[in-house]
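Below: one structure, written as C-alpha cells.
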Amino acid sequence: MELVDIQDLKSWGSNAVPVQLRPRVHSGSPGGNPTELLIDSHCHLDMVIERGLGVEEVTNTLADNGVGTIVEIGADKAAMLWARTLAHTSKLIDVYYTIGHHPGEASTEDSAFGLKFIEENKDDPRFVAVGEIGLDYHYYADQADIQKRVFIDFVRAARRVNRGIALHTRDAHADTVSILKAEAEGIPTLIHCFTGTKPEMEEFLAMGCYISFSGIVTFKNATALQEAAKVCPLDRMLIETDAPFLAPIPHRGKINQPGYVKHTLDFLAKLRGEDAATLAAACTANTRAFYRF
Ligand SMILES: [Zn+2]
C-alpha cells in the first residue's frame with residue numbers, strides 16, 4: 001500500500017493509505033459520559049480539505065469541541081473511494097461512510113458506479129447508509145426526471161443491502177414524499193440538512209423519518225426552520241455540519257468543519273430550553289440508531 005498525504009486528494013485511490021487524522025486527547029465530553037463524544041452525522045471532509053483547511057486545524061477543532069465520530073458522505077465516485085479509505089484507516093476518530101449519488105450529479109449518468117459500489121461494499125460495517133440521494137429542484141429543476149429515476153434506483157439498492165437512506169431534498173417536498181411512500185416503506189430514512197417548514201417536518205415525522213439540523217438553523221433569518229426545530233421530538237433529531245458548507249454562527253461564511261457541530265448543538269439547546277448534554281446524548285443515540293453503528 002502506498003502512503004499518501006491527506007491533502008493530495010488526486011492521488012487517493014482504493015489502495016492508498018491517507019495520513020492519519022490525529023485529534024488531540026479529548027478533554028471532556030458533552031454527553032457527560034467520558035467515552036461518548038458528539039457525532040457529526042453528515043460531512044464532506046474531502047471538500048473541507050480541498051478548500052484549504054489543514055488536517056491539524058480540523059482535528060484540533062474536533063478535539064476542542066468533543067466530536068469523536070463523523071459520517072463521511074460518498075455521494076460521487078471520487079468521494080466514495082475517499083470516504084471508504086478514510087473510514088478504514090482513521091484510528092483516532094471513528095469514521096463511517098455512506099454511498100450515494102447527489103441529485104446535482106444526476107445528469108452525469110455516473111450513478112452506475114455508485115450502485116455497483118453499494119453492492120461491492122454491502123458487507124462492510126463502516127458503510128452505514130445509502131446517501132445522500134434525493135431531489136433538488138432549487139438548483140437542478142430541469143433535471144427532475146433523471147433525478148427521480150436515480151433516486152428510485154438508489155432506494156431500491158438500499159433495500160437490497162439492508163441500509164437506511166440519507167436524503168437531500170430541496171424545493172421538492174411533494175415528489176420526495178410520493179417516492180418515499182411508493183418505494184421506501186420500512187427503510188430507515190433520514191432527512192439530512194432539513195430546511196423545510198413545520199408542516200413539512202410533521203409529514204416526514206409521521207412517515208417515521210429522522211430529521212437532521214445543520215448550521216442553517218443558527219442563522220438569524222431562519223425563523224421558520226427554528227419554529228420546526230423547537231418542536232422536533234427529542235427521539236428523532238440529529239445534528240450535522242454538512243461541512244464545508246453552511247458554517248453555523250459564529251463561523252458563518254467561513255469554511256465549515258465537523259468540529260463546528262457543537263455550535264449547532266448549543267444553539268438548539270438554547271432554542272428548545274434543554275440542557276446541552278441531554279440534547280447531545282439524544283442526538284448521538286439517534287445517529288447511532290439510524291446508521292446502526
Ligand atoms: Zn451533504
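Table for the structure above
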| read-out | value |
| --- | --- |
| Considering residues of the range 35-63 that are among the acidic types (Asp, Glu) and out of contact with any Ser or Thr (no Cβ under 8 Å at 6 or more places or on another chain) only, the residue farthest from SER212 (Cα to Cα) | GLU56 |
| So LEU115, is it at pLDDT 95 or above and surrounded by fewer than 22 Cβ atoms within 10 Å (Cβ to Cβ) | yes |
| Residue in the range 92-130 that is farthest from LEU38 (Cα to Cα), counting only those that are touching a helix residue (DSSP H, G or I) at 6+ places or on another chain (Cβ under 6 Å) and of a type in the set (S, T, N, Q) | SER107 |
| Test: residue in the range 230-250 that is assigned to a loop (DSSP other than H, G, I, E, B), under 25 Å from LEU45 (Cα atoms) and away from the ligand (no atom under 16 Å from the Cβ) | yes |
| Residues within the range 103-134 that are within 16 Å of the ligand (Cβ to nearest atom) and closer than 25 Å to THR89 by Cα, tallied | 6 |
| Residues that are in contact with a Ser or Thr (Cβ under 9 Å, 6 or more places away or on another chain) and assigned to a helix (DSSP H, G or I), drawn from the range 78-114 | MET80, LEU81, ALA83, ARG84, THR85, PRO103, GLU105 |
| ALA78 out of contact with any Asp or Glu (no Cβ under 7 Å at 6 or more places or on another chain), more than 16 Å from the ligand (Cβ to nearest atom), aliphatic (A, V, I, L, M) and farther than 30 Å from THR278 by Cβ | no |
| Near pairs, Cβ below 6 angstrom, 6+ apart or cross-chain, from the range 235-260 (under 19 Å from GLU50 (Cα atoms) and charged (D, E, K, R)) to any residue that is at pLDDT 95 or above and not in a strand (DSSP E or B) | ASP242/CYS193; ASP242/SER214; LYS254/ALA247 |
| Residue in the range 118-140 that is hydrophobic (A, V, I, L, M, F, W, C), farther than 25 Å from ASP175 by Cβ and not in a strand (DSSP E or B) present | no |
| Test for MET47: is it aliphatic (A, V, I, L, M), within 16 Å of the ligand (Cβ to nearest atom) and without any contact (Cβ under 8 Å) to a residue 40 or more places away in the chain | no |
| Selected residue (criterion: farthest from the ligand (Cβ to nearest atom)) from residues of the range 201-226 that are hydroxyl-bearing (Ser, Thr, Tyr), touching a Phe, Trp or Tyr at 6+ places or on another chain (Cβ under 9 Å) and not in a loop (DSSP other than H, G, I, E, B) | THR218 |
| Scope the range 181-197; condition within 16 Å of the ligand (Cβ to nearest atom) and either in a helix (DSSP H, G or I) or basic (Lys, Arg) (or both); matching residues | none |
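Conditions tested, residue by residue: (1) away from the ligand (no atom under 16 Å from the Cβ); (2) modelled with pLDDT of 95 or more; (3) within 19 Å of the chain's Cα centre (by Cα).
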{"position": "ASP136", "(1), (2), (3)": "no, yes, yes"}
{"position": "TYR140", "(1), (2), (3)": "no, no, no"}
{"position": "ILE146", "(1), (2), (3)": "yes, no, no"}
{"position": "ASP153", "(1), (2), (3)": "yes, yes, no"}
{"position": "ASN162", "(1), (2), (3)": "yes, yes, yes"}
{"position": "ALA174", "(1), (2), (3)": "yes, yes, no"}
{"position": "ILE179", "(1), (2), (3)": "yes, yes, no"}
{"position": "PRO199", "(1), (2), (3)": "yes, yes, no"}
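The values are calculated or read from the model by the stated rules, or taken from the named source; none is laboratory data. This structure is a prediction, so every number in the text was calculated from the model and none was measured. A quick note on method: Cβ atoms are made from the backbone with ideal geometry, for glycine too, and the neighbour counts reach across all protein chains shown.
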